[in-house]
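Asker: Would you mind keeping the following structure in view while I ask a few things?
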Amino acid sequence: MMRECLENVRKSVPLVHNITNYVTVNDVANVILACGGSPIMSDEAEDVEDITSVCGGLNINIGTLHKTSIEGMFRAGRKAGELGHPILLDPVGAGASALRTDTALGLMKELKLTAIRGNISEIKTLAMGSGTTKGVDADVADAVTEETLDEAVEFVKRFASTAGCIIAVTGAIDLVSDGEKCYVIRNGRPEMGKITGTGCQLSGMMTAYLTANPQDSLEAAAAAVCVMGLAGEIGWSRMQEGDGNSTYRNRIIDAIYNMTGNELEKGAVYELR
C-alpha cells in the first residue's frame, strides 16, 4: 500500500497550495517537488481563493503568523472545503502564544480538516484547547517513548476520533491515526532535529500524498511519514567528513527525490495498532 501511495503522487503530480512560514518556504517547495508533486505558495487574502481553486490540496502552517496571512488561511480553507480538497493543518508552536493557539483552534473549528500534523506538545495543546510548549519544539515531558507508547496511542486515537480527522504526531516515534487504527512508525534519525523545518517539509509532502490518494487518507499520511523518516536515514548514511546540517538537509531532499516504491516497502518500519 505504501508503494502505491508513493507511485500515485508521481503519476498524478498533485498541485498543492501552501500557506506556510517564511523560515522554511523554499524547503517545503523543494520537498513537494522531490516527492513528485507541484507547489504553489500564496498567503495574501485577496489571492488565496483563486490559487486554491486551481490546486488539489491545501497545506496550512501557522509558523510565522500575521493578520493578513491568518485571514488568508480561513479564506483558502473555506474555498478548499467547498471544492472538497484535502486540508492539512500544521499548528507550529501552538501553546507558545495565545495568537498561535487561538488561530489553530479557530481553524480546527471552522474548517473540515483532513489531517493535523504536529509534535506531541502541539497536538496536546489542541486536544486540551490550551497549553504551553517550548517554542516550536516538543516539551521533553510530552515526548512519546517506548514507556509512554500505549498511553500515547490511545490519546492520539481518541483525539482523531473527536477531531474527525487524521492526527499525525511526529517525533522519535511517530503516530498516525484516524481514530480506529494507529500506525506506530520508527523511521528517522535524531539528527533530523538539527535541521530547521523537517516537520514543515513533511506537512507539505503529506498534503501531496493526501491529494494523490483520496481513497486511502490514513495510509497516505503514514506513507509520507515513513518517506521522510527513511529519507533521514538514507541521507545520514551518505554524510561525509566535514558535512553539516545544511548538507544533511539537501541529502534528505535528494533521498526523497530518488526513493522508489520498492525502497519504501523495504525500509518502512511500522506496526499497526
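The values are calculated or read from the model by the stated rules, or taken from the named source; none is laboratory data. This is a predicted model, so every value here is computed, not measured. Neighbour counts run over all protein chains shown; Cβ positions are idealised from the backbone, glycine included. Surface areas here come from the heavy atoms of the whole protein model, side chains and all, with no ligands, DNA or RNA. Shrake-Rupley method; radii C 1.70, N 1.55, O 1.52, S 1.80 Å.
Asker: Could you tell me how many of the residues in segment 253-273 are under 20 Å from VAL13 (Cα atoms) and of a type in the set (A, V, I, L, M)?
Answerer: So the answer is 5.
Asker: Any residue in segment 93-120 that's touching a residue at least 24 places away in the same chain (Cβ under 8 Å): show its pairings with residues that are open to solvent by 50 Å² or more (accessible area, probe 1.4 Å) and not in a loop (DSSP other than H, G, I, E, B) at Cβ separation under 8 Å, as long as the two are six or more apart or on different chains.
Answerer: That search, which allows pairs on different chains as well, returns GLY93/ARG100; ALA94/ARG100; GLY95/LYS124; ALA96/LYS134; GLU110/ARG78; LEU111/ARG78; ASN119/ASP137.
Asker: Can you name the residue in segment 14-54 that is among the β-branched types (Val, Ile, Thr) and part of a loop (DSSP other than H, G, I, E, B) and, of all such residues, is nearest to GLU82 (Cα to Cα)?
Answerer: THR20
Asker: So LEU105 fits all but one of (1) modelled with pLDDT of 95 or more; (2) assigned to a loop (DSSP other than H, G, I, E, B); (3) more than 26 Å from ALA212 (Cβ to Cβ); what number is the exception?
Answerer: Going through (1) modelled with pLDDT of 95 or more; (2) assigned to a loop (DSSP other than H, G, I, E, B); (3) more than 26 Å from ALA212 (Cβ to Cβ) one by one, LEU105 breaks only (2).
Asker: If you don't mind, another one. Among the residues of segment 71-81, are any open to solvent by less than 40 Å² (accessible area, probe 1.4 Å) and touching a Ser or Thr at 6+ places or on another chain (Cβ under 7 Å)?
Answerer: Looking for residues that are open to solvent by less than 40 Å² (accessible area, probe 1.4 Å) and touching a Ser or Thr at 6+ places or on another chain (Cβ under 7 Å), one finds at least one in segment 71-81, hence yes.
Here is a yes/no grid of residues against (1) buried (at least 24 other Cβ atoms within 10 Å of the Cβ); (2) basic (Lys, Arg); (3) under 16 Å from the mean Cα position of the chain (by Cα):
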position: ASN18; (1), (2), (3): yes, no, yes
position: ALA29; (1), (2), (3): no, no, yes
position: ALA34; (1), (2), (3): no, no, yes
position: GLU46; (1), (2), (3): no, no, no
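Asker: Output the residue which, of all residues in segment 1-16 that are open to solvent by less than 30 Å² (accessible area, probe 1.4 Å) and over 22 Å from GLY77 (Cβ atoms), is modelled with the lowest pLDDT.
Answerer: So the residue we want is MET2.
Asker: Considering only residues that are within 17 Å of ILE123 (Cβ to Cβ), at pLDDT 95 or above and not charged (D, E, K, R), which ones fall in segment 171-197?
Answerer: Of everything in segment 171-197, those that are within 17 Å of ILE123 (Cβ to Cβ), at pLDDT 95 or above and not charged (D, E, K, R) turn out to be ILE173, LEU175, VAL176, SER177, GLY179, CYS182, TYR183, VAL184, ILE185.
Asker: Among the residues of segment 129-146, is any under 22 Å from GLY56 (Cα atoms), open to solvent by 30 Å² or more (accessible area, probe 1.4 Å) and free of Cβ contacts under 8 Å to residues at least 24 places away in the same chain?
Answerer: Within segment 129-146, none of the residues are under 22 Å from GLY56 (Cα atoms), open to solvent by 30 Å² or more (accessible area, probe 1.4 Å) and free of Cβ contacts under 8 Å to residues at least 24 places away in the same chain.
Asker: If a residue has to be open to solvent by less than 90 Å² (accessible area, probe 1.4 Å), farther than 20 Å from ALA94 by Cα and either assigned to a loop (DSSP other than H, G, I, E, B) or touching a Cys at 6+ places or on another chain (Cβ under 7 Å) (or both) to count, how many in segment 147-156 make the cut?
Answerer: 2
Asker: A follow-up question, please. Considering only strands (runs of 3 or more DSSP E) fully contained in segment 168-273, which possess at least 2 residues that are open to solvent by less than 20 Å² (accessible area, probe 1.4 Å)?
Answerer: Counting at least 2 such residues, we get 174-177, 182-185.
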